[in-house]
1. Could you please give the count of residues in segment 426-438 that are part of a helix (DSSP H, G or I) and closer than 12 Å to Asp384 by Cα?
2. Out of the residues in segment 406-425 that are touching a Phe, Trp or Tyr at 6+ places or on another chain (Cβ under 7 Å) and in a loop (DSSP other than H, G, I, E, B), which is surrounded by the most Cβ atoms within 10 Å (Cβ to Cβ)?
3. What's the total number of residues in segment 68-87 that are under 15 Å from Ile305 (Cβ atoms) and surrounded by 17 or more Cβ atoms within 10 Å (Cβ to Cβ)?
4. Select from segment 45-89 the residues that are in a strand (DSSP E or B) and not aliphatic (A, V, I, L, M) and write down the one among them that is farthest from Gly294 (Cα to Cα).
5. Restricting the search to segment 317-337, which residues are at positive phi and in contact with a helix residue (DSSP H, G or I) (Cβ under 6 Å, 6 or more places away or on another chain)?
6. Name the strands (runs of 3 or more DSSP E) wholly within segment 176-267 that hold at least 2 residues that are modelled with pLDDT of 90 or more, of a type in the set (A, V, I, L, M, F, W, C) and under 38 Å from the mean Cα position of the chain (by Cα)?
7. So which residues in segment 322-344 are closer than 13 Å to Phe264 by Cα and surrounded by fewer than 24 Cβ atoms within 10 Å (Cβ to Cβ)?
8. So which of Asp85, Asp47, Asp64, Asp107 is more than 26 Å from the chain's Cα centre (by Cα), charged (D, E, K, R) and either over 30 Å from Glu317 (Cα atoms) or in the same structural domain as Glu335 (by TED's automatic domain parsing) (or both)?
Amino acid sequence: MKSYFISIIALILIVPFSFGQNRKAVKYAKTITLEELQESITTLASDEFEGRATGERGQKMAADYIANKFKIAGLAPPVKTNQGDSYFQEFHLYRSRYNTSYFKKGDEMKKNLVDFLYYSRMETMGEEYIEMVFCGDIKDFDLRGLDVKGKFIAFSAEEMTGWRSKLVELENSGAAGYFIIVRNEDQYRYALNRFGVVMIGEKIEFSVDDMGTKTIIANPALAEWVFEQSFQSLLRKGRGLTKKIIFNADMLIETIDSENVMGFVAGSEKPEEVIIVSAHYDHLGVKEGKVFNGADDNASGTSAIIEIAEAFAEAAENGDGPKRSVMFVAFSGEEEGLLGSKYYVAHPEVPLANTVANLNIDMIGRQDLKYSEDPNYIYIIGSDRISTTLDKIAKSVNDDYSTKLRLDYRYNDYNDPNQYYKRSDHYNFAQNNIPIIFYFSGTHGDYHQPTDTVDKINFEKVKKITDYIFFTTWEIANREERVRPD
């Protein structure tokens, strides 16, 4: 009798926790296998895919691979095109790189990043005469009585700060650009080293003038060479002095095409409400003959969305699909500045007002130094910033199902110096007040290195985190009330 009573009490204690699990969710989570995750990561991070650089052959191969996975699983192609429905949301970018940039006077030349800093990404100028008008020091100069239209406004400043607000005032002046003479040599050299890194090499963006008006940052030595008098003399009596000089800002511009890859599982009751599960699939390509494979960054996250998509598609095929729709998106252009997701939120396939949440996965295959001996964790970022309901779901799913990960919120701190909240594709959704969760397992010594390879991936860790994200997506998609911003 006593034994029977104890058994009843034990059952009562167990039942409330069991009710937290959805049997269908548990059933379809079993379709997510370690072997398939390993196959996708190994394929995407192979040398054959050439590092998946945005717009390059390897990225196109990866896009085809992901789309084919969606197609085989039975996901619908959600992108409307003139040729019919597609898995690809195509967008165009510009790749720019300075071929050369210099001032020229007779046989003498002054070169960019050596004698000055040309801080701009404008259309190719080539070698041409530009006209400069010296307007004095930033503290007291004005343009009254000066003809600056179509010319470069030259002025001096003690430091690298304080003149940006002046440029805002000059926006309607009609000037062709600015020639800023920084008198503090240490700050000038700092600018040359810091901002010069930005200007060296290739840059990919939606337009070639994203970096604004032509701006040349110089020191007094270059000003003396241009205006042909001492800098002190220029400051004392040079206001209105005009000089013509040959300037070359030859920039190579190439149009490149890229694409986000999308697959759709329609909801059975509220199909207009959509959860987006995302990961970027691009990486850094090949540099100096070395393939940057990007196994963790982000073949790991891409493999997760493929597996979760397949699980939802199988559930839908068996009549057990989600109440709300789920769209799976593999973004391109993330490494170039979150460009794929930036394009998506500007051209959404589902109205942003109907987007319930974005669950974004970026780097879930490794351990960082904080957890070098414990792979059973995941950093949760942003889950409570827009919707505390979403954060509660994230926590309850981890408790109710068998994942039991350590949910670490340290990088969710508003004052965290790393600012990871702004550094992956979820951020563009958050900017539109859409609730988000960013899943991340931290950086490591192979981050953005050619050594980020498959042999270092912890596949059991990827599997456990993928299961957790699947359960979270399932709960959001099937709960009675929609997740909404607070």
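1. So the count comes out to 1.
2. Asp425
3. 6
4. Top of the filtered list is Gly84.
5. Residue satisfying the conditions is Gly333 alone.
6. 177-182, 214-218, 242-265
7. Matches in segment 322-344: Met327 only.
8. Of the residues listed, the single one that is more than 26 Å from the chain's Cα centre (by Cα), charged (D, E, K, R) and either over 30 Å from Glu317 (Cα atoms) or in the same structural domain as Glu335 (by TED's automatic domain parsing) (or both) is Asp107.
The values are calculated or read from the model by the stated rules, or taken from the named source; none is laboratory data. Everything quoted here is computed from the prediction, not taken from an experiment. Reconstructed Cβ throughout: ideal geometry from the backbone, glycine too, with neighbour counts over all protein chains shown.
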